[in-house]
Amino acid sequence: YGFLPMLLQQASHAIGAPAYVLAAVAVGASAAGNLAGLALLARGIPPAALLAWSFAGLAACSLPILLDVTTNAWLRIAASIAFGAVAGLVSAALFAQAPARAPRAGMQGLVIGLMMQGGNAGMTIGTPLAGMTAAAFGWRAVIVVVAVLAAMAIATVRAPARRGPAG
């Protein structure tokens with residue numbers, strides 16, 4: 001979300017709404033995504049499947065946001081809001097897995113803390129990475145970064161969980 005207000009600024013001129021309002025709506029959509037994620041998990045969707053589809057969805061949503069500043073303003077705004085909602089699905093799936101990922105009973109808090117730190121590290125590293133990529137190659141090149149990171153995340157989710165000591 002680090003660059004969202006700037007990217008939406010150009011789109012906002014076309015519709016007359018301030019970029020910060022559009023960004024707030026997009027970020028607020030993540031709450032709806034959290035609730036939708038909970039509903040999907042309650043209906044039996046496995047958390048790993050929800051994560052994999054969510055990462056793919058985030059990459060797909062980034063296309064109209066990053067492709068070109070001349071992209072239809074309404075499409076860019078809708079994709080930004082959808083991006084926020086899909087990001088909320090990720091949170092729901094991750095938190096649902098915390099009890100199963102804890103090495104032993106009573107360590108769920110540690111797992112959640114590590115997830116939070118991982119998310120913060122991703123935002124701390126991802127925003128400058130996107131900025132450096134955009135500065136060097138243009139915003140379209142950021143799509144490649146998003147696609148690679150999404151593919152890595154999907155591969156990580158799909159990798160079998162290791163149990164017990166390595167050997």
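The values are calculated or read from the model by the stated rules, or taken from the named source; none is laboratory data. Here the structure is a predicted model, which is why all the values come from computation and not from measurement. Note that we place each Cβ from the backbone using ideal geometry, even for glycine, and neighbour counts take in every protein chain shown. Note: areas computed on protein heavy atoms with side chains; ligands, DNA, RNA excluded. Shrake-Rupley method; radii C 1.70, N 1.55, O 1.52, S 1.80 Å.
For the stretch 93-166, which trypsin sites (Lys or Arg not before Pro) are both in a DSSP coil and crowded by at most 11 other Cβ atoms within 10 Å?
For trypsin sites (Lys or Arg not before Pro) across the stretch 93-166 that sit outside H, G, I, E and B with at most 11 neighbouring Cβ atoms in 10 Å, the list reads 104, 162, 163.
Treat the stretch 13-103 as a sphere of radius equal to its Kirkwood radius over Cα pairs and apply Stokes-Einstein at 4 °C in a medium of 1.567 mPa s; give the translational diffusion coefficient in µm²/s, rounded to a whole number.
For these conditions, the coefficient is 93 µm²/s.
Based on alpha-carbon atoms only, what is the radius of gyration of the stretch 61-101 relative to the globular estimate 2.2 N^0.38 Å?
Here the answer is 1.58, to two decimals.
Per residue, how much accessible area does the stretch 88-167 show when a 1.4 Å probe rolls over the protein heavy atoms, in square angstrom?
66
Once you put a point 7 Å from the Cα of residue 112 and another 7 Å from the Cα of residue 144, both along the Cβ direction, what distance in nm separates them?
4.0
Which of rounded, prolate or oblate describes the stretch 47-166 when judged by the alpha-carbon gyration tensor and an a/c cut-off of 1.5?
Prolate, since a/c reaches 1.5 and a/b exceeds b/c.
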